[in-house]
Amino acid sequence: MPKFYCDYCDTYLTHDSPSVRKTHCSGRKHKENVKDYYQKWMEEQAQSLIDKTTAAFQQGKIPPTPFPGGPPPGMLPTPPMGGPPMMPMMGPPPHGMMPAGPGMRPPMGGPMQMMPGPPHMMRHPRPMMTPVRPGMMRPDR
């Protein structure tokens, strides 16, 4: 009977049956070996890309700045604090934030208030109901 060889674990399984393969492939050590293999492969790919980019830059194939004529249209200049350039905001503002600009004012009733926390952290408006025996009505309902 042929034995099954696992490339990730560099080992032969004692039997070549679906149940043995399934047990082996669901094992902790095998999963760790697979993860390590692909992690190493991704690191090699990233390093290869870095090496190619560096070589192209040193040969003058890549300009020293990505925007030779200045930033592209729509990109804001660097803020006074020296941070990275900001992209203009697309779409509506996040919930709870109002856009500030000339001619804009908060909605009727004042500015929007921020929620006190995530919805699952908010307090219930009424206390939790207590269990009632079948046939019994609560007087407050």
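Tally Lys/Arg at +1 and Asp/Glu at -1 over every other residue whose Cβ is under 13 Å from the Cβ of Gln59; what's the total? Here the charged neighbours net out to +1. Within the shell of other residues whose beta carbon sits under 13 angstrom from the beta carbon of Gln39, the net charge comes to -1, with Lys and Arg scored +1 and Asp and Glu -1. Electrostatic bookkeeping for Ile50 treats Lys and Arg as +1 and Asp and Glu as -1; over the other residues with beta carbon under 14 Å from its beta carbon, the sum is -2. Do the alpha carbons of any pairs in Lys3/Lys29; Lys29/Lys52; Lys3/Lys31 sit beyond 26 Å of each other, and which pairs? Flagged as over cut-off: Lys29/Lys52.
Note on segment 1-68: Cα convex hull, mean projected area over all directions, 7.4 nm². Remark: spin-label model distance Gln58-Arg21 equals 4.6 nm, labels positioned 7 Å along the Cα→Cβ axis.
Throughout, read-outs are computed from the coordinates displayed, never taken from laboratory work. Predicted, not measured: the structure shown is a model, and the values here were computed from it. Please note: Cβ atoms are built from the backbone with ideal geometry, for glycine as well, and neighbour counts cover all protein chains shown.
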